[in-house]
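Since the structure comes first, as structure tokens, the remarks are kept for the end.
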Amino acid sequence: MVGTEALISLFFCAILSFAIPITAVIVFKKKHPEASLLSAVIGAATFVVFALVMEQLLHLVMLPLVLGSTVAYVLYGTLAAGVFEETGRFVACKLLMKKRTGNANAVMMGIGHGGIEAIILVGFGMISYIATAFIVNSMGIDGIAEMSGITDEANLALLNQQVNGIAAFAISTALVNIVERVLAMTLHISLSVVVMKAATVKGKLWLYPAAIVMHAVFDVPAALYQRGLIPSIWLVELFLAILAAGSVFAAVRISKTGQENSAAA
């Protein structure tokens with residue numbers, strides 16, 4: 001059975017995963033009318049194409065090769081995310097954002113990129129868990145197994161593990177997910193400003209590889225946690241908060257460059 005606390009936590013996490021990005025777009029658009037909603041759509045599409053399609057195709061080949069080594073896993077995982085997402089951002093800025101090159105549109109693009117990531121990775125995931133929880137509570141695990149045609153021990157064990165994970169979902173788990181998504185959105189907004197400058201300001205092309213490095217470094221704590229080298233998820237969030245704050249500081253400084261004389265890099 002999935003208890004009331006778990007269900008409330010799942011709903012809480014799902015609602016915020018949708019509400020935060022949507023609210024961010026609405027509030028920012030209201031404060032900055034010059035920011036185009038299309039910029040948010042472009043940011044979202046960039047994440048889907050480059051992170052969820054192209055990067056995942058490479059993972060199919062590379063992950064089996066690096067799983068045996070923590071160093072290789074961390075280096076590959078963090079750099080792959082940085083290269084694909086920042087390259088996607090750079091291509092989008094060059095090809096699709098030519099008429100929307102200001103800081104406001106860069107921020108909107110970042111909201112779209114980080115927002116769709118939160119909605120797809122967390123929001124839709126929570127909806128799937130909620131549906132599973134209701135099925136478990138009405139049919140039991142045996143009922144799900146029978147309905148799904150699961151009979152072998154390995155898949156039954158996997159199903160039990162998944163259901164136990166859902167049943168253990170708590171408010172603290174929801175908060176970890178939400179805090180991590182907010183910090184990731186902050187990073188994506190900052191990096192969108194950085195990459196926009198790389199794509200549009202003469203002499204600032206070096207900001208593109210710099211953005212890749214910034215993105216990769218941000219992903220290091222989570223990768224180390226997955227390998228058991230950081231013991232606490234809240235310690236991971238602390239590291240991410242520090243790195244997100246650093247990215248904001250860098251983006252604010254960089255946003256002031258090229259205001260008067262912007263040209264293609």
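Going through LEU156, LEU175, LEU205, LEU238 one at a time, which residue ends up being surrounded by fewer than 18 Cβ atoms within 10 Å (Cβ to Cβ) and outside any helix (DSSP H, G or I)?
LEU205
Scan region 101-116 and tell me whether some residue there is in contact with an Asp or Glu (Cβ under 6 Å, 6 or more places away or on another chain) and among the hydrophobic types (A, V, I, L, M, F, W, C).
Yes: region 101-116 contains one or more residues that are in contact with an Asp or Glu (Cβ under 6 Å, 6 or more places away or on another chain) and among the hydrophobic types (A, V, I, L, M, F, W, C).
Which condition from (1) at pLDDT 95 or above; (2) surrounded by 15 or more Cβ atoms within 10 Å (Cβ to Cβ) is the one that ARG100 breaks?
(1)
Name, by its number, the condition in (1) under 28 Å from THR200 (Cβ atoms); (2) modelled with pLDDT under 95 that does not hold for GLY114.
Against the list (1) under 28 Å from THR200 (Cβ atoms); (2) modelled with pLDDT under 95, GLY114 comes up short only on (2).
For region 143-153, name all the residues that are charged (D, E, K, R) and either surrounded by 12 or more Cβ atoms within 10 Å (Cβ to Cβ) or under 32 Å from the mean Cα position of the chain (by Cα) (or both).
GLU146
Regarding ALA199, is this residue crowded, with 20+ Cβ neighbours inside 10 Å, more than 19 Å from the chain's Cα centre (by Cα) and assigned to a helix (DSSP H, G or I)?
In short, yes.
Only one residue in MET108, MET126, MET97, MET62 is outside any helix (DSSP H, G or I) and not basic (Lys, Arg), so which one is that?
MET97
In region 1-35, which residues are among the small types (Gly, Ala, Ser) and crowded, with 19+ Cβ neighbours inside 10 Å?
Residues satisfying the conditions are ALA6, SER9, ALA14, SER17, ALA24, ALA35.
The values are calculated or read from the model by the stated rules, or taken from the named source; none is laboratory data. This one's a predicted model, so the numbers in the text were calculated from it and none came from an experiment. All Cβ positions, glycine included, derive from the backbone under ideal geometry; neighbour counts span all protein chains shown.
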